[in-house]
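The values are calculated or read from the model by the stated rules, or taken from the named source; none is laboratory data. Just so it is clear, the model here is predicted, and its values are computed rather than measured. Note that we place each Cβ from the backbone using ideal geometry, even for glycine, and neighbour counts take in every protein chain shown.
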Amino acid sequence: MLNWDHIFATRSSRMKASEIRELLKLLDRPDIISFAGGIPDPALFPDQDFKAAYAEIFSGPAVNAALQYSVSEGYGPLRSWLAGEMAKLGVACAAENVFIVSGSQQGLDYLGKLFLSPNDTALVTWPTYLGALQAFNAYEPAYDKLSVTGNRTPESYRLAAAANGGKVKFAYLSVDFANPTGETIDREGREKLIALAEDLDIPIIEDAAYQSLRYDGEAIPPILALELAANGGDIEAARTIYCGSFSKTLAPGLRVGYIVASSRVIRKLVLMKQAADLHSSTINQMAIAHVAERGFDAQVDKIRKAYSHRRDSMLAALGRHMPEGTRWTKPEGGMFVWVTLPEGMDGTALLAKSIETEKVAFVPGRAFHADGSGANTLRLSFSCADAPTIEEGISRLGRLVRSEMTAAAA
């Protein structure tokens, strides 16, 4: 038999199964209350709008283009619409600065491939989005903890990267209602990140997957918008790469995401697209454009109302049922609450007991830490549970946590 382990590239050893993708399988078990998957509620999808969009495409001359090969950059009308939406956020750009990818996850993979050589350093927050770590891991980087408070010097990052045998290549983070913490970086923190990137002469990868899902508080301009405001509005001189997605607003199954950046970066990404899958699904891009042009704002208003109520329900339930010694974030938007358990507790072990005894699922926090820390943390998603389910699930989880704390103190 062929010794596959001998044949696999060394980078394959960095590829690990997603704990989240595995936990999603629990959604099929009717006895489990799941706060695990950070996925949108399918009941809120604009399904009738998509039905009309596909019917219109198939009933007219556009169907031939929809089913044919297309350009790697993406569907032109969708890119133009996105350029207009970016202008509303303070980012003046052209369609040439917009690149369509098969979900923003593909965009992260491309960016890892574009920037990372083995042993180079990626700056990420502790914790950070697990999918980003999975995307970057294949390119064999080192990781360093990105400080959003500015309490580390650029030289300390350079020295740490050199000790790992490479250079600092980029800073990656989600600044609005981040996955997994739900936290938002304030304007001052964003401006400090821009200054750090300038000192290190690196790009910033701004993951904006949840930006539309703000429920309260004042909106803060994206990092890319702040950078353009400082440089006279020239996106060609910008170092920030903005990654967006329709997965959290319209429909994740269509796998349509986008990247907004300098055209020099876009041109490199297009070459990668040509080598990987030629182009994203044309018909899905056309359907997204159809639905977005006719009702994006109304759809966002609908999901904001639903998710904000569920967020409020989860925060209230945590306040009622979690014992003293635990704490959690209070997000202004997004889909997640981040819970920190007392030191010494382990989220992975707690999950095993929770599934067995309380029938509640969540994501242990260790998976979101590049250094393997964060054992006493966990992520809860409120997007797919109604208020009574949230109340019951958090009540069960609080009972289990309290029981574990009592046993540890005995």
For this session: Filter region 118-150 down to residues that are of a type in the set (G, A, S) and not in a helix (DSSP H, G or I) and give me whichever is nearest to W338 (Cα to Cα).
Result: S147
Seminar exercise, completed: Being surrounded by fewer than 21 Cβ atoms within 10 Å (Cβ to Cβ) and either within 19 Å of the chain's Cα centre (by Cα) or of a type in the set (K, R) (or both) narrows K192, K169 down to just K192
For this session: State which residue pairs qualify: first residue within 17 Å of A43 (Cβ to Cβ) and inside region 303-332, second residue in a helix (DSSP H, G or I) in any location, beta carbons under 8 Å apart, and separation of 6 or more residues or different chains.
Result: I303/L44; A306/L44; H309/A387; R310/A387; R310/I390; S313/A387; S313/I390; S313/E391
Exercise. Considering only region 56-91, how many residues are in a loop (DSSP other than H, G, I, E, B) and on the phi < 0 side of the Ramachandran plot?
Worked result: 12
Exercise. Restricting the search to region 170-215, which residues are in a strand (DSSP E or B) and β-branched (V, I, T)?
Worked result: I204, I205
Problem set entry | Extreme residue, surrounded by the fewest Cβ atoms within 10 Å (Cβ to Cβ), among residues of region 236-255 that are more than 15 Å from the chain's Cα centre (by Cα) and within 15 Å of Q106 (Cβ to Cβ) | G253
Exercise. Is at least one residue of region 283-293 of a type in the set (D, E, K, R), assigned to a helix (DSSP H, G or I) and more than 18 Å from E392 (Cα to Cα)?
Worked result: yes
For this session: Name every residue in region 51-81 that is surrounded by 19 or more Cβ atoms within 10 Å (Cβ to Cβ) and either of a type outside the set (K, R) or in contact with a Lys or Arg (Cβ under 7 Å, 6 or more places away or on another chain) (or both), in order of residue number.
Result: A53, I57, A66, S70, S72, E73, G74, Y75, L78
Problem set entry | Condition met for H309 (within 27 Å of L111 (Cβ to Cβ), surrounded by fewer than 23 Cβ atoms within 10 Å (Cβ to Cβ) and at pLDDT 95 or above) | no
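Table: residues versus (1) crowded, with 19+ Cβ neighbours inside 10 Å; (2) part of a loop (DSSP other than H, G, I, E, B).
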| position | (1), (2) |
| --- | --- |
| R320 | no, no |
| K330 | no, yes |
| T348 | no, no |
| A352 | no, no |
| L380 | yes, no |
| P388 | no, no |
Seminar exercise, completed: Inside region 229-254, the number of residues satisfying the requirement of being free of Cβ contacts under 8 Å to residues at least 40 places away in the same chain, of a type in the set (G, A, S) and under 30 Å from D201 (Cα atoms) is 4
